[in-house]
Amino acid sequence: MQTSEKGIEALELEENDVLKAYRDVVGKWTIGMGLTAASGVIVPKAGMTITKKQSQDLTRKALTLNYEPSVNSAMSGAKQHEFDAGVLFHWNTGAIKTASWVDLWRAKAGRAKIAARFRLWNKGNGKVIQGLVNRRERELKILFDGLYSSMSEPASASVAVARWVVVLSGDEKAKVLDDFMALGYLVGSNINNVHAFEVRRFQEDHGLSVDGKIGRATLSTLQRMVDAKAKTKPVASAAAVATVPAATSMTDVAQELSAAGISAAWLFVPLAFVCLFALWRAWHYRDAVAARLPRSLSKLAQFLRSI
């Protein structure tokens, strides 16, 4: 069995079809419908672009090689909508062979028991992610009822208003706007009237396709920038603790350490550790560093994004 056209549309709704490579939340280069190097069909790199047709072909190839065989094996005898739900789940988690809900589905254990186990797959790094909670519910509707979500293009879209191209709840959208504002992008507070100019400015600052659409690439980059900002605070705090406050007190501290038989050089060990950690953090979030560089250093910013 193969994924239906409705299944492909549902996959695009969840992943978006991003035609320019971007880093996902954990920093992996991604393109198309969530394809990373692990897909085995493409190795995304900085600056890479593909066409809509190429993205569709790559998605089909990844499904044929890596996903549909596993779902066919785990869910033998599935109806088309059940198979599609299994593919969507497996594309996101890679766990169709180990998930306990599949055993319950094969045993025809009943909707309530299957759904309860299915909903457990809602965490990232051990934390419940609201986006995954909502995604599991959409997949369950496909699994049980054959009801596929869709997002149609608005009849008349204003270029001044950014368009949401992923399915999010009102609370999730409000959180996205708060994150934009925290980074200095004045998108407003109305989820139905997001200032497209500011979204485009964010996209331009971070090397994304400048289209004013709030999709997977923009949201992933936004989350990385928020994480980078949050994770610099502990480093700064540690640096403040590790630094000797005043030159006048350093002599006293050194004398006390010397009296205790401890070299004063050990004073600089915590500071050196903090500096090394700060450098590692800066390297991990080098795309965030690139976004903060002045335009006069655009070549350096481009280099940092490319590695």
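The table below lists the values:
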{"item": "Of all residues making up the stretch 81-110, the number that are exposed (fewer than 15 other Cβ atoms within 10 Å of the Cβ), in a helix (DSSP H, G or I) and of a type outside the set (Ser, Thr, Tyr)", "result": "2"}
{"item": "Condition check for Asn66: in a helix (DSSP H, G or I) and in contact (Cβ under 8 Å) with a residue 40 or more places away in the chain", "result": "no"}
{"item": "Residues that are in a loop (DSSP other than H, G, I, E, B) and in contact with a helix residue (DSSP H, G or I) (Cβ under 6 Å, 6 or more places away or on another chain), drawn from the stretch 41-63", "result": "Val41, Ile42, Val43, Ala46"}
{"item": "Flag for Gly188 being assigned to a loop (DSSP other than H, G, I, E, B), over 25 Å from Lys20 (Cα atoms) and without any contact (Cβ under 8 Å) to a residue 12 or more places away in the chain", "result": "yes"}
{"item": "Subset of the stretch 220-229 that is more than 10 Å from Tyr22 (Cβ to Cβ) and of a type outside the set (D, E, K, R) - its residue that is modelled with the lowest pLDDT", "result": "Ala228"}
{"item": "Criterion violated by Leu140 - all others in (1) in contact with a helix residue (DSSP H, G or I) (Cβ under 8 Å, 6 or more places away or on another chain); (2) modelled with pLDDT of 95 or more; (3) not assigned by TED's automatic domain parsing to the domain that holds Gly86 satisfied", "result": "(3)"}
{"item": "Residues (over 19 Å from the mean Cα position of the chain (by Cα) and in contact (Cβ under 8 Å) with a residue 40 or more places away in the chain) located in the stretch 12-55", "result": "none"}
{"item": "When residues of the stretch 127-152 are limited to those that are in contact with a His (Cβ under 9 Å, 6 or more places away or on another chain) and of a type outside the set (Asp, Glu), the one nearest to Glu14 (Cα to Cα)", "result": "Tyr148"}
{"item": "Given (1) modelled with pLDDT under 90; (2) in a helix (DSSP H, G or I), index of the condition Val159 fails", "result": "(2)"}
{"item": "Residues of the stretch 111-142 satisfying the condition of being closer than 20 Å to Gly7 by Cβ and not in a helix (DSSP H, G or I)", "result": "Trp121"}
{"item": "The stretch 66-80: number of residues that are under 24 Å from the mean Cα position of the chain (by Cα) and surrounded by fewer than 17 Cβ atoms within 10 Å (Cβ to Cβ)", "result": "1"}
{"item": "Complete set of residues in the stretch 186-215 that are touching a strand residue (DSSP E or B) at 6+ places or on another chain (Cβ under 8 Å), within 20 Å of Gly47 (Cβ to Cβ) and among the polar types (S, T, N, Q)", "result": "Ser209"}
{"item": "Single residue of the stretch 29-39 satisfying the filter (modelled with pLDDT of 90 or more and not hydroxyl-bearing (Ser, Thr, Tyr)) that is farthest from Gln223 (Cα to Cα)", "result": "Ala37"}
{"item": "Selected residue (only one of Ser76, Ser55, Ser70 is small (Gly, Ala, Ser), at pLDDT 95 or above and touching a strand residue (DSSP E or B) at 6+ places or on another chain (Cβ under 7 Å))", "result": "Ser55"}
{"item": "Single match in Ser149, Ser209 (criterion: closer than 21 Å to His90 by Cβ, of a type outside the set (A, V, I, L, M), modelled with pLDDT under 95 and part of a loop (DSSP other than H, G, I, E, B))", "result": "Ser149"}
{"item": "Residues of the stretch 1-56 satisfying the condition of being out of contact with any Phe, Trp or Tyr (no Cβ under 9 Å at 6 or more places or on another chain), among the polar types (S, T, N, Q), farther than 19 Å from Gln203 by Cβ and surrounded by fewer than 18 Cβ atoms within 10 Å (Cβ to Cβ)", "result": "Thr51, Gln54, Gln56"}
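The values are calculated or read from the model by the stated rules, or taken from the named source; none is laboratory data. On a predicted model such as this, the values are computed, not experimentally measured, just so you know. So basically every Cβ, Gly included, is an ideal-geometry build from the backbone, and we count neighbours across all protein chains shown.
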